[in-house]
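Remarks on the structure that follows.
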Protein chains: 2
Amino acid sequence: MAHSSRTTAAASPRPRGRQPTFDRDEALETALELFWRHGYEGVSLADLTSAMGIAAPSLYHAFGSKADLYREVLRRYGSSGGMKADEVGAAASSYDAARQMLERGIAAVTMPGKPLGCMVSSGMLMASPDHAELAAELKALRASLRHALQKRIQRDIDDGVLPRATDAAALARLVTAAMQGISVQALDGAKAAELLPIVAAVLAAWPGRDGGKPTSRQTRPASARTPSHRAAPRAR
Amino acid sequence: MAHSSRTTAAASPRPRGRQPTFDRDEALETALELFWRHGYEGVSLADLTSAMGIAAPSLYHAFGSKADLYREVLRRYGSSGGMKADEVGAAASSYDAARQMLERGIAAVTMPGKPLGCMVSSGMLMASPDHAELAAELKALRASLRHALQKRIQRDIDDGVLPRATDAAALARLVTAAMQGISVQALDGAKAAELLPIVAAVLAAWPGRDGGKPTSRQTRPASARTPSHRAAPRAR
DNA sequence: CCTATTGTTTATCGATCACTAAAAAATAAC
DNA sequence: GTTATTTTTTAGTGATCGATAAACAATAGG
């Protein structure tokens, strides 16, 4: 870690030496766009420096290494529309957490003008052993999101919102797997409107309506009661 | 295409020149293992030749190029447990096609002794522009599987097995997205038993029971009626 | 001014990338 | 044995990989 951190706010009095000629945030945004679109192994340092308009030593001085740059890009990407772990925990219900994760996820992986897919859901799934450490960090990121949802579900179970027999781990896997599949479909060109029915189908599997105790507090959109791919029931 | 093809069967009378010192099938199997585990960009030619125990010119003589080798590996991978497009079309029902795709898919992405995940579902999702052509071929492979399922669903709709209002495209997307998410989860270490509940949840979304006309011909396992993550209904 | 500090430019580094030309080795046909 | 054919071995190709040493430029503090 050789470069100085500028994380402290409150109007720095001005650095000592020469002024940087490039905007660090813009450079990060450029790196984000490249890594997002082509993956870690699909982007070379020459790609990065030429897109940023800087030379290699400047990049290394500012970011440390390609892997460190990717890590910083990942943190920046965290605030790109997708749901974060703490937001999952703060959701009004596990159902809402799942719905938001999927709906906001679809919006995030199909944003016009941005690369398709999700950096986390589809990032570094297969990689050279040389980058195993970075791949493990992404894997941990995916696991943390899944665990956050699982914990939120478990809380609903403990609170009696969901049936005691609910399998929190399985339910969390269902939702995160759906999100990951949605990312792949987006990468393959699916539009948001084509992906939304997936949300309805997944949410329709949510327990609590049949065997659960209370159901009053929950807010279920009509789309979850009657998934768009399913015909309206004639009788029940 | 400089190398001779040995595709014709029926006991070749013996080739003319020097005998190959390595088994072509074994070499392909080795390449499969490497590409499957690390992806196209994660495997170098040095990795391949050293694992195969041959020199680079032998590899190029036998397979043409790295990309061509990958293509041949992909064809070989096709018969690795996962469901193929023609099998989807030949299924007894679209429901069975979906169930088989997911169940056999889970088995395929969690095979002991084999690399985790699915080469097609999780392969080349992000890649360098240099490999865009190969990535497009994989994308087309994913699309063909999805279209095969969509066509099978549409046939059930036309035959009156599924309700007229069924959205075949959305339903096919649901299943293939689930499969792709399952592949990611497997790559992240999920066991088959942890993934099976996803199948039940997806199949539970299958139309035909409520609004569809006939339901007698369909075979629904108990797991689809009561997904394992959902509590058994007390009343209905 | 001088010194210290910071970021730049220039010119690489050795390693690895996918790939190949050329010669040698091994076999079959004759 | 000679020739033709095929595959191997040897020894590389130029390009690109991620990363850096060293010198230069630009700023602030004294």
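The values are calculated or read from the model by the stated rules, or taken from the named source; none is laboratory data. From a predicted model like this one, the values you see are computed outputs, not experimental measurements. No Cβ is skipped: glycine too gets one built from the backbone with ideal geometry, and neighbour counts run over all protein chains shown.
For the reader, a short list of remarks on this structure follows.
- For the residues B:Arg99, B:Arg164, B:Arg173, B:Arg152, the requirement of being in contact with a Ser or Thr (Cβ under 7 Å, 6 or more places away or on another chain) and not aliphatic (A, V, I, L, M) singles out B:Arg152.
- Among residues of segment A:155-170 that are free of Cβ contacts under 8 Å to residues at least 24 places away in the same chain, those with a beta-carbon under 7 Å from a residue that is of a type in the set (Gly, Ala, Ser) and assigned to a helix (DSSP H, G or I) at least six positions away or on a different chain give the pairs A:Ile157/A:Ala168.
- A search for C-beta distances below 7 Å between a residue of segment B:31-53 that is more than 10 Å from chain A (Cβ to nearest Cβ) and any residue that is outside any helix (DSSP H, G or I) and of a type in the set (Phe, Trp, Tyr), counting only pairs 6+ apart in sequence or on different chains, returns B:Met52/B:Phe22; B:Gly53/B:Phe22.
- Applying a threshold of 8 Å to beta carbon distances and a minimum spacing of six or more residues, or different chains, the list of pairs starting in segment B:184-201 at a residue that is more than 9 Å from chain A (Cβ to nearest Cβ) and ending at one that is part of a helix (DSSP H, G or I) and basic (Lys, Arg) reads B:Val199/B:Arg99.
- Selection count, segment B:77-106, where residues are more than 26 Å from B:Ala168 (Cβ to Cβ) and at pLDDT 95 or above: 1
- Within segment B:72-86, tally of residues that are surrounded by fewer than 16 Cβ atoms within 10 Å (Cβ to Cβ) and in a helix (DSSP H, G or I): 3
- Screening A:Glu133 with (1) outside any helix (DSSP H, G or I); (2) under 26 Å from B:Ser183 (Cα atoms) gives one miss only, at (1).
- Exactly one residue among A:Leu74, A:Leu145 is in contact (Cβ under 8 Å) with a residue 40 or more places away in the chain and in contact with a Leu (Cβ under 8 Å, 6 or more places away or on another chain), and that residue is A:Leu74.
- Residue in segment A:128-143 that is buried (at least 24 other Cβ atoms within 10 Å of the Cβ) and either within 8 Å of chain B (Cβ to nearest Cβ) or more than 16 Å from DNA strand C (Cβ to nearest atom) (or both) present: no
- Set side by side, the residues B:Met101, B:Met124, B:Met119 differ, and just one is outside any loop (DSSP other than H, G, I, E, B), of a type outside the set (Ser, Thr, Tyr) and crowded, with 22+ Cβ neighbours inside 10 Å, which is B:Met101.
- Qualifying residue in segment A:11-24 (condition: at pLDDT below 95, hydroxyl-bearing (Ser, Thr, Tyr) and more than 10 Å from DNA strand C (Cβ to nearest atom)): yes
- Residue within segment A:188-196 that is under 24 Å from A:Gln150 (Cβ atoms), at pLDDT 90 or above, in contact with a helix residue (DSSP H, G or I) (Cβ under 8 Å, 6 or more places away or on another chain) and buried (at least 21 other Cβ atoms within 10 Å of the Cβ) present: yes
- Of residues in segment B:33-85 being aromatic (Phe, Trp, Tyr) and more than 14 Å from DNA strand D (Cβ to nearest atom), the one nearest to B:Ala148 (Cα to Cα): B:Tyr77
- Per-region count, segment B:41-61, residues more than 8 Å from DNA strand C (Cβ to nearest atom), surrounded by 18 or more Cβ atoms within 10 Å (Cβ to Cβ) and farther than 13 Å from B:Glu29 by Cα: 2
- Any chance B:Ala31 is within 30 Å of B:Val184 (Cβ to Cβ), modelled with pLDDT of 95 or more, near DNA strand C (Cβ under 8 Å from one of its atoms) and not in a loop (DSSP other than H, G, I, E, B): no
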